[in-house]
1. Which of (1) within 15 Å of ligand 1 (Cβ to nearest atom); (2) polar (S, T, N, Q); (3) touching a Gly at 6+ places or on another chain (Cβ under 6 Å) is the odd one out, the single condition Asn91 does not satisfy?
2. Checking Phe57 against (1) within 16 Å of ligand 3 (Cβ to nearest atom); (2) touching a Pro at 6+ places or on another chain (Cβ under 9 Å); (3) open to solvent by less than 60 Å² (accessible area, probe 1.4 Å), only one condition comes out false. Which one?
3. Within the stretch 118-156, can you find the residues that are in contact (Cβ under 8 Å) with a residue 40 or more places away in the chain and part of a helix (DSSP H, G or I)?
4. Kindly evaluate Ile237 against the criterion of being outside any loop (DSSP other than H, G, I, E, B), touching a strand residue (DSSP E or B) at 6+ places or on another chain (Cβ under 9 Å), open to solvent by less than 50 Å² (accessible area, probe 1.4 Å) and among the aliphatic types (A, V, I, L, M).
5. Search the stretch 200-214 for residues that are open to solvent by 40 Å² or more (accessible area, probe 1.4 Å) and pair each with any residue that is within 15 Å of ligand 2 (Cβ to nearest atom) when their beta-carbon atoms are under 6 Å apart and the residues are at least 6 apart or on different chains.
6. Just to be sure, is Ala101 out of contact with any strand residue (DSSP E or B) (no Cβ under 6 Å at 6 or more places or on another chain), open to solvent by less than 60 Å² (accessible area, probe 1.4 Å), free of Cβ contacts under 8 Å to residues at least 40 places away in the same chain and part of a helix (DSSP H, G or I)?
7. Within the stretch 134-184, track down each residue that is touching a Phe, Trp or Tyr at 6+ places or on another chain (Cβ under 9 Å), surrounded by 13 or more Cβ atoms within 10 Å (Cβ to Cβ) and farther than 29 Å from Tyr223 by Cα.
8. Quick one: would you say Tyr55 is away from ligand 2 (no atom under 16 Å from the Cβ), at pLDDT 95 or above and within 25 Å of Trp136 (Cβ to Cβ)?
Amino acid sequence: MQRLPSHIAIIMDGNGRWAREKGEDRLYGHLHGVESVRNVVEGAAELGIKYMTLYAFSTENWDRPEYEVSGLMELLVDTIHKEVPTLNKNNIRLHVIGDIAMLPEAAKIELKEALNETSTNTGLNLIMALSYSSRWEIVNAVKKIAADVKEGKLDAAAISQDTIKQYLATCNFPDPELMIRTSGEYRISNFLLYQLAYSELYFTNTLWPDFRKENLYEAILDYQGRQRRFGKTGEQIKNEEAAG
Ligand code: IPE
Ligand code: IPE
Ligand code: MG
C-alpha cells in the first residue's frame, strides 16, 4: 500500500476473442467486458488509486463493421446510464477524453449528464478514453498552440514540455505510472503516446472479460518490484531512496 501508482491506464483488449472462444458473437464479449470494468474500477477505488484511464474505444475502432460500432455505442449509453448511482456511491468522478463530437447524440447526452452528476466526487478519477487516439489528441494540441501563438496569447520561444502537457486532453491528470494491456498484444495502439513516456508497461495474456481486481493487484505488485530510473543509474536511485 506504500508504493501505489497514482494513475493506472488500461488498454482493455480481447473481448472479441473471448467471445469467439465461446462460439459467441463479438458483442457478447463487449457485454462481459463491462463486468470487468465494474470490478476493476471498484478494486481501484478500494485501494485508493487516484486516477484510472480506460481505453474503451479508439479513433481507429470507428472502422469496425457498422453493426459492432452501433452495438458498442448502445452498450456505452446503457452502461453510463446504469452506473451513475454506483459511481456516486463510491465517490468516483467520471471524465472523458476523445473526440466526443463523433459520438451519437444519445451517448453525448448520457455522458454530459454523468459528467455533471459525478463532478463533485473526490475519490477515484475515472477517465474514459472514447473515440480517442493519441495522434488525434496531439494534432488538436498543436492546432490550439498555433492559434494561441498567432493571437499573441503564447510566446513560441517559451513553449516547454509543460506547455504541451497543458494543451493535451489529459491536462488535469498526472502521467500514468503503470499501463496495463490485456490479451497478449504487445503494442500501444495510439494510446497516450506523450503521457506514457516513462510509464511501466505490464502485459498479460488474460483476455479483458476475464480480468478482475485480483489481476489488477498482480499488475500493481509487479510494478512495485520495478526500479524506475528515469535515465539515471540504479545506484543513484538507491542513494536517493536512502536519503529519503
Ligand atoms: C477490446 O476488445 C474492446 C474494443 C476495442 C472496443 P476487442 O474488440 O479489440 O477484442 P479482440 O482484440 O478482437 O479480441
Ligand atoms: C485498442 O484495442 C483500443 C481499445 C482497447 C479500445 P484494438 O483491439 O482496437 O487494438 P489493435 O487494433 O489490436 O491494435
Ligand atoms: Mg482488440
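The values are calculated or read from the model by the stated rules, or taken from the named source; none is laboratory data. Keep in mind the model is a prediction, meaning the values are calculated, not measured. Heads up, the Cβs are rebuilt from the backbone with ideal geometry, glycines too, and the neighbour counts pull from every protein chain shown. We work out accessible area using only protein heavy atoms, side chains counted, and drop any ligands, DNA or RNA first. Shrake-Rupley method; radii C 1.70, N 1.55, O 1.52, S 1.80 Å.
1. Asn91 satisfies every listed condition except (1).
2. (2) is the only condition that Phe57 fails.
3. Within the stretch 118-156, Ser134, Arg135, Trp136, Glu137, Ile138 qualify.
4. no
5. Leu201/Met179; Phe203/Arg181; Phe203/Tyr186; Asn205/Gly184
6. For Ala101, the condition - out of contact with any strand residue (DSSP E or B) (no Cβ under 6 Å at 6 or more places or on another chain), open to solvent by less than 60 Å² (accessible area, probe 1.4 Å), free of Cβ contacts under 8 Å to residues at least 40 places away in the same chain and part of a helix (DSSP H, G or I) - is not met.
7. Selection gives Asn140, Ala141, Lys144, Ile145, Asp148.
8. For Tyr55, the condition - away from ligand 2 (no atom under 16 Å from the Cβ), at pLDDT 95 or above and within 25 Å of Trp136 (Cβ to Cβ) - is not met.
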